């Protein structure tokens, strides 16, 4: 019998519809696989019993109307799921059971999918290696000493090791695209406002965006379509029609103009990244795209600006975790002491670091020098892209400056950790859509991704370009299931 | 120290041991927006519900919850801004004011900092020494916090989040106020305007209106402002006045003692009638304001402002002008009649059918006396506007005399009886039949022939005696004007 966990999302939906297999069979296959894959530590919470019941109910009712009919899905543990523990990878929410369902996951369920489990992530999505989670680090299926990237590391690892057919992550500075790149999977961050942020534990509100993580571009189109919606409950959600990404998906990209920004050729970047990038250019040329050199002159200021804006917003967003209403509460002689103990015990080091940075850059006397300046930089970065987009349709860059690094390698060196986001962060600052598509392997046989950045709400364009790359790169997953 | 007060001329200066001082006051009024639901959530704002029964996931700041602006509250604050003759900012921004407290679930209050929805405006006060314009600096929208309850348990504090997220308008005055009386007039006028507009019920007992009071003093003649202290959260006009008096004297004592004032936040202790330091400038919170990334800047269409402006009700100042011009009322009467929306409504109801000047007299005189005595507001008046109007009409049409009217008015108070009914039942209709009156006059003259000759020989003061006698015989019902005429004729 075929291994149902190795089938793509699109094929699973088709197979269930054609009754090649049942939803229950699919669900049980993933559950079995997960049970044999505990070493990866990709799940925080499993929802297996309920998932089986849901699959059985589905098989009885046979309602095939949804885009994801009968498919079990595990999602990043940053999405609030009704009556199911939602931790954001933090001790402070270790006992938190929401009474509500995030809009994005509700969209999944209304398309016929059901919850398989909640996936590990960096604490409050702050991290690029999934080492800051209170529930322990996640292992990259490409090697037992490798990080899967972050913050959606659990999602990437579970997807790459076939513990979920597809998944949903969130991306504030690269948290979908970087782990996708590290695990040979596809990850897309939609335009800011494309997906509702309602019910997602907030990290940095002006940058956060949910997005699909999948085995291939076709699945990505399908899942993006399922989660995108305008949501009046999120004031920053934008009322733009959701395209039929799947139906419109094509690798016919003839005549599209692709910009190659010289500023992304960073110092000390390994040759193989540059080689991969050049290969990407060739693939797109081959598919009929027109390549143009462009300049995005403020790129070098993106990372520092990001590490001001994101912590500033986080320091305020995380103020609600005070032990008063829900979540972890420590004892204290008075209110202040209770606050101090709760937050000292409840938050990990990286979260504390960012709260401190954020509090600092917003303090009176520093606000103008840091926060306001960073906002100005943000405008300039957006302007760079806006101006380029007068001449081109999308931008091609590497997704990350390296392949997956070793567990512990950068843990105590935040600057080098933050540098991992150098290619992904500008996109969040500008609110643009971007995708990471696996395009090759490095010398260590580790996957590398290419990033395509599109115009606002032109997700279709970058999906189509990615499909052209996917077809030409012929990337094959080469995971030996060493953990089993 | 002596407070010097003169009714005709502004004269609120405080004489210290060495100098004469002027008091400078600015107010930050927090007015609860009259709205069924909260500023960023759909929870009810009804007062007096059981604790924590009007709290949504947004109000209690659950993870992933997002604020959505209540458009009605925006319109209410535009309306208030227009009522304050203020500039409406078509672009404004919501900011986060960050601080930790148990009754502040988000860990920040959503407020407006650099770009408020309403800019500069003004309020005109009617003081005994003339009218005075007080500048409005700004009006902004913000969320209220919840309530910490410390006295339910010796060990624990309880939190009630019913108020959490309720919409407030913070209305900041310029430091234009100079005395406790001006502060009282300012708060009353502001409250009255908002009640006319239906944007705030102004109920101070329920906390719908409270103020932070900024007080400083300077020597009379000085142009510079002194260091100010802010007295937080005072919830009655009387307490505001007491707090100002205390605080001004405290500051003067310090300055005359060659000490300096610390810029600080103080609390008014209503039991001890004194202000106490709450926190100094050094301990002041750094609120780390920044634009709330969950909310887009608030854009208002000019068209909306125009529509609201067009539908604005007549406000007290305009009403007053109209009453003086068109109803021929005195400034004093007009000022009283417009001071509260309900009073002006009552007056306008009464004058639909009767003489306006007479109506103003009766309302500000007899009716107010009754209301004061019974401690009632005009909306609870024992005499309805319709009945008062009928009664006044009976006076002007000569059906009853002014004197009888007082009697009828007295009787109308129980059960709000129709004055016609009283007049009819008690036979109080004024006698205006000249023949019948002539008969009475003749009778009086015949009985007092000695007085008649005295009158005729020059003791004209006796005229009043004859009038009195005629009224007495008629049981007070004789038409005094007619009696006068007939008597004059007969005594010629």
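Looking at the range B:166-177, is at least one residue modelled with pLDDT of 95 or more and under 22 Å from residue A:322 (Cα atoms)?
Yes.
Among the residues that make up the range B:85-104, is at least one of them touching a residue at least 40 places away in the same chain (Cβ under 8 Å), under 25 Å from residue B:24 (Cβ atoms) and in the same structural domain as residue B:178 (by TED's automatic domain parsing)?
yes
Counting only residues that are within 23 Å of the chain's Cα centre (by Cα) and in a strand (DSSP E or B), how many does the range B:24-63 have?
Counting residues in the range B:24-63 that are within 23 Å of the chain's Cα centre (by Cα) and in a strand (DSSP E or B) gives 9.
Given the criteria over 13 Å from residue A:168 (Cα atoms) and touching a helix residue (DSSP H, G or I) at 6+ places or on another chain (Cβ under 8 Å), does residue A:112 qualify?
So residue A:112 passes the test.
Is there a residue in the range B:26-38 that is surrounded by 18 or more Cβ atoms within 10 Å (Cβ to Cβ), under 30 Å from residue A:93 (Cβ atoms) and touching a residue at least 24 places away in the same chain (Cβ under 8 Å)?
Scanning the range B:26-38, I find at least one residue that is surrounded by 18 or more Cβ atoms within 10 Å (Cβ to Cβ), under 30 Å from residue A:93 (Cβ atoms) and touching a residue at least 24 places away in the same chain (Cβ under 8 Å), so the answer is yes.
Can you pull out the residues in the range A:207-232 that are part of a loop (DSSP other than H, G, I, E, B) and within 14 Å of chain B (Cβ to nearest Cβ)?
The answer is A:207, A:208, A:209, A:230, A:231, A:232.
Any idea which residue in the range B:81-98 is nearest to the other protein chains (Cβ to nearest Cβ), counting only those that are touching a strand residue (DSSP E or B) at 6+ places or on another chain (Cβ under 6 Å) and outside any strand (DSSP E or B)?
Only one residue fits best here, namely B:94.
Could you check residue A:234 against (1) out of contact with any strand residue (DSSP E or B) (no Cβ under 6 Å at 6 or more places or on another chain); (2) surrounded by fewer than 20 Cβ atoms within 10 Å (Cβ to Cβ); (3) modelled with pLDDT of 95 or more and say which number it fails?
If we test residue A:234 against (1) out of contact with any strand residue (DSSP E or B) (no Cβ under 6 Å at 6 or more places or on another chain); (2) surrounded by fewer than 20 Cβ atoms within 10 Å (Cβ to Cβ); (3) modelled with pLDDT of 95 or more, just (2) comes out false.
Give just the number: which of (1) more than 14 Å from every other protein chain (Cβ to nearest Cβ); (2) surrounded by 22 or more Cβ atoms within 10 Å (Cβ to Cβ); (3) out of contact with any helix residue (DSSP H, G or I) (no Cβ under 8 Å at 6 or more places or on another chain) does residue B:21 not satisfy?
Tallying (1) more than 14 Å from every other protein chain (Cβ to nearest Cβ); (2) surrounded by 22 or more Cβ atoms within 10 Å (Cβ to Cβ); (3) out of contact with any helix residue (DSSP H, G or I) (no Cβ under 8 Å at 6 or more places or on another chain), residue B:21 fails exactly one: (3).
Within the range A:218-233, can one find any residue that is more than 24 Å from the chain's Cα centre (by Cα) and either more than 30 Å from residue B:291 (Cα to Cα) or free of Cβ contacts under 8 Å to residues at least 60 places away in the same chain (or both)?
Within the range A:218-233, not a single residue is more than 24 Å from the chain's Cα centre (by Cα) and either more than 30 Å from residue B:291 (Cα to Cα) or free of Cβ contacts under 8 Å to residues at least 60 places away in the same chain (or both).
Taking the range B:440-468, which residues are surrounded by fewer than 12 Cβ atoms within 10 Å (Cβ to Cβ) and part of a loop (DSSP other than H, G, I, E, B)?
If the condition is that a residue be surrounded by fewer than 12 Cβ atoms within 10 Å (Cβ to Cβ) and part of a loop (DSSP other than H, G, I, E, B), then B:457, B:458 are the ones that fit.
Looking only at the range B:266-282, filter to residues that are in contact (Cβ under 8 Å) with a residue 24 or more places away in the chain and part of a strand (DSSP E or B); which one of those is farthest from the other protein chains (Cβ to nearest Cβ)?
B:274
What's the number of the only condition in (1) in contact (Cβ under 8 Å) with a residue 60 or more places away in the chain; (2) surrounded by fewer than 19 Cβ atoms within 10 Å (Cβ to Cβ); (3) away from chain A (no Cβ under 14 Å); (4) in contact with a strand residue (DSSP E or B) (Cβ under 7 Å, 6 or more places away or on another chain) that residue B:15 fails to meet?
Here residue B:15 meets the rest and fails (1).
Looking at A:143, A:136, which is the one that is farther than 21 Å from residue A:187 by Cβ and more than 14 Å from chain B (Cβ to nearest Cβ)?
After ruling out the rest, the residue left standing is A:136.
Could you list, in sequence order, all residues of the range B:359-372 that are surrounded by 18 or more Cβ atoms within 10 Å (Cβ to Cβ) and either more than 19 Å from the chain's Cα centre (by Cα) or outside any helix (DSSP H, G or I) (or both)?
Listed by number, the residues that qualify are B:359, B:362.
Among the residues that make up the range A:407-418, is at least one of them touching a residue at least 12 places away in the same chain (Cβ under 8 Å) and under 18 Å from the mean Cα position of the chain (by Cα)?
Yes.
How about the range B:283-308: which of its residues are more than 14 Å from chain A (Cβ to nearest Cβ) and either under 30 Å from residue B:100 (Cβ atoms) or surrounded by fewer than 14 Cβ atoms within 10 Å (Cβ to Cβ) (or both)?
Across the range B:283-308, the qualifying residues are B:301, B:302, B:303, B:306, B:307.
Tell me, please, whether a residue that is more than 19 Å from residue A:304 (Cβ to Cβ), more than 14 Å from chain B (Cβ to nearest Cβ) and surrounded by 20 or more Cβ atoms within 10 Å (Cβ to Cβ) can be found in the range A:352-366.
No, the conditions are met nowhere in the range A:352-366.
Go through the range B:64-80 residue by residue and tally those that are part of a loop (DSSP other than H, G, I, E, B) and in contact with a strand residue (DSSP E or B) (Cβ under 9 Å, 6 or more places away or on another chain).
Total meeting the criteria: 4.
Just give me the residues in the range A:89-120 being under 25 Å from residue A:162 (Cβ atoms) and away from every other protein chain (no Cβ under 14 Å), in sequence order.
Answer for the range A:89-120, where residues must be under 25 Å from residue A:162 (Cβ atoms) and away from every other protein chain (no Cβ under 14 Å): A:107, A:108, A:109, A:111, A:112, A:113, A:114, A:115, A:116, A:117, A:119, A:120.
Taking the range B:288-328, which residues are touching a helix residue (DSSP H, G or I) at 6+ places or on another chain (Cβ under 7 Å), part of a helix (DSSP H, G or I) and more than 24 Å from residue B:90 (Cα to Cα)?
Hits for the range B:288-328 are B:316, B:319, B:320, B:323, B:324.
Do you know which of the residues in the range B:312-342 that are surrounded by fewer than 22 Cβ atoms within 10 Å (Cβ to Cβ) and closer than 19 Å to residue B:369 by Cβ is farthest from the chain's Cα centre (by Cα)?
Residue satisfying both the conditions and the ranking: B:330.
For a quick check of your reading of the model, give me the residue pairs whose first member lies in the range A:34-45 and is under 17 Å from residue A:6 (Cβ atoms), whose second is assigned to a helix (DSSP H, G or I), with beta-carbon atoms closer than 6 Å and at least 6 apart or on different chains.
Close Cβ pairs (under 6 Å, with a partner that is assigned to a helix (DSSP H, G or I)) amount to A:40/A:157; A:42/A:154; A:42/A:157; A:42/A:158.
State all residues of the range B:99-118 that are at the interface with chain A (Cβ under 7 Å from one of its Cβ atoms) and more than 18 Å from residue B:30 (Cα to Cα); if no residue qualifies, say none.
B:100, B:102, B:105, B:106, B:107
The values are calculated or read from the model by the stated rules, or taken from the named source; none is laboratory data. This structure is a prediction, so every number in the text was calculated from the model and none was measured. Quick reminder, even Gly has a Cβ in these numbers, built from the backbone with ideal geometry, and neighbours come from all protein chains shown.
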